[in-house]
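Trainee: Sending over a structure as structure tokens; questions will come in a sec.
Any read-out appearing in this document is the output of simple, stated calculations on the displayed coordinates, not a laboratory observation. Nothing here was measured: the structure is a model prediction, and the numbers come from that model. Neighbour counts run over all protein chains shown; Cβ positions are idealised from the backbone, glycine included.
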Amino acid sequence: MNKKHIILFGAPGAGKGTQAKLLMNKRSFVQISTGEILRNEVKAGTELGKKVKEIMESGKLVSDELIIDILRNAVERLPENIAGIIYDGFPRTVPQAEALEKMLAENKEEITACIKLEVPFKELEKRLLQRAEKEGRKDDNAETIKKRFQEYLQKTDPIKEYFIEKDKFYVVNGIGSIEEIHKRLLEVIDNL
Ligand code: AMP
């Protein structure tokens, strides 16, 4: 059986990370979160971490070149016998989506679906400010959140059209309890 390659899409705070982790537990998917990889690099003080720290803390996106390299490394390190990969926080630009597609095509695989967790901006802002208190992420403050939304609207949102054209775009209501949203996602994924 071919592996499923599922992009969890949505603005910062939509719940991508939380839902990706639940899907890992229930469906033997592996989550790749480029944001988490970068935060670990920053924490470990690596060369890469030093390069991206400021960019991340300002709410801007890291360059496509750098992030595509990181993604390729992460995918290459995965075991063979997984049901699929959940991409969380990647792609964030159309060139990143194209690069992923090209990379998968090298192994005769393809992106299965891009599923958007839809949450209104007012709610997203509230969630991110709450998360700041819980997790202490430096990029969850009011000013940086604004920049991240701007980046999302300008650079990430156009990905939607890219996948609509390929008939691979799905929308899930991201408002509700974590368990409710998880069930909605499973319904879409199990029918792919
Ligand atoms: P996240 O945890 O997905 O919200 O990512 C946190 C930050 O890491 C983002 O605001 C960006 O600075 C950077 N980042 C993570 N993933 C990407 C990506 N795919 N492209 C560019 N920058 C990224």
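Trainee: Using only DSSP helix segments of four residues or longer, with each worth -39500 (n - 2.57), what per-residue ellipticity at 222 nm results for the chain after dividing by its residue count and rounding to 500? Numbers along the way, then the final one.
Mentor: Numbers: 9 runs with 105 residues, N = 192.
-17000 deg cm²/dmol, from helical runs alone.
Trainee: Could you list the GluC sites (Glu not before Pro) in the stretch 104-170 that lie in coil according to DSSP, counting only those with at most 16 other Cβ atoms within 10 Å of their Cβ? Walk me through the numbers on the way to the answer.
Mentor: Details: sites: Glu106, Glu109, Glu110, Glu118, Glu123, Glu125, Glu133, Glu135, Glu143, Glu151, Glu161, Glu165; in loops: Glu106, Glu109, Glu110.
Listed in order of number, the matching sites are Glu106, Glu109, Glu110.
Trainee: Go through Lys26/Lys160; Lys4/Lys43; Lys3/Lys108; Lys53/Lys138; Lys50/Lys160; Lys50/Lys134 and tell me which ones have a Cα-Cα distance over 20 Å in this structure.
Mentor: Working: Lys26/Lys160 27 Å; Lys4/Lys43 31 Å; Lys3/Lys108 11 Å; Lys53/Lys138 10 Å; Lys50/Lys160 32 Å; Lys50/Lys134 25 Å.
Beyond 20 Å between Cα atoms: Lys26/Lys160; Lys4/Lys43; Lys50/Lys160; Lys50/Lys134.
Trainee: Same structure again: Which order results if Phe90, Phe121 are arranged by neighbouring Cβ count within 10 Å, fewest first?
Mentor: Values: Phe90 23, Phe121 13.
In increasing order of surrounding Cβ atoms, one gets Phe121, Phe90.
Trainee: Test of understanding: express the Cα radius of gyration of the stretch 41-141 as a ratio to 2.2 N^0.38 Å, with N the residue count.
Mentor: 1.25
Trainee: What number comes out for the charge environment of Ile178, summing +1 per Lys or Arg and -1 per Asp or Glu over other residues with Cβ under 13 Å away? Before the final figure, lay out each step's value.
Mentor: Values: positive: Lys16, Lys21, Lys26, Arg127, Lys183, Arg184; negative: Glu179, Glu180.
Taking every other residue near Ile178 into account, the sum is +4.
Trainee: With each label point set 7 Å from Cα along the Cα-Cβ vector, what nm distance links Lys138 and Leu153?
Mentor: 2.7
Trainee: Among DSSP beta bridges whose residues both lie in the chain, state the antiparallel percentage, nearest 5.
Mentor: For the chain, the DSSP antiparallel bridge percentage is about 0.
Trainee: Plugging the Kirkwood radius over Cα pairs into Stokes-Einstein for the chain, at a temperature of 10 °C and a viscosity of 1.306 mPa s, what D comes out in µm²/s?
Mentor: On the way: Rh = 17.0 Å.
It diffuses with D of about 93 µm²/s by this estimate.
Trainee: Here is a follow-up. Please list the equivalent ellipsoid semi-axes of the stretch 134-192, computed as the square roots of five times the alpha-carbon gyration tensor eigenvalues, in descending order and whole angstrom.
Mentor: Values: eigenvalues 139, 81, 11 Å².
Semi-axes from the Cα gyration tensor: 26, 20, 8 Å.
Trainee: If the stretch 16-79 were replaced by its equivalent ellipsoid, with semi-axes equal to the square roots of 5 times the Cα gyration tensor eigenvalues, what would those be, largest first, whole Å?
Mentor: Working: eigenvalues 108, 37, 22 Å².
In descending order, the three semi-axes are 23, 14, 11 Å.
Trainee: Take the Cα coordinates of the stretch 94-135, assign each an equal point scatterer, and use the Debye formula without solvent to give log10 I(q)/I(0) at q = 0.19, 0.20, 0.28 Å⁻¹.
Mentor: Ignoring solvent entirely, the Cα scatterers give -0.70, -0.71, -0.92.
Trainee: Rounded if a/c is under 1.5, else prolate if a/b beats b/c, else oblate: with a ≥ b ≥ c from the C-alpha gyration tensor eigenvalues square-rooted, which is the stretch 93-192? It would help to have the intermediate numbers written out before the result.
Mentor: Values: a/c = 2.19, a/b = 1.43, b/c = 1.53.
Cα axes put the stretch 93-192 in the oblate bin.
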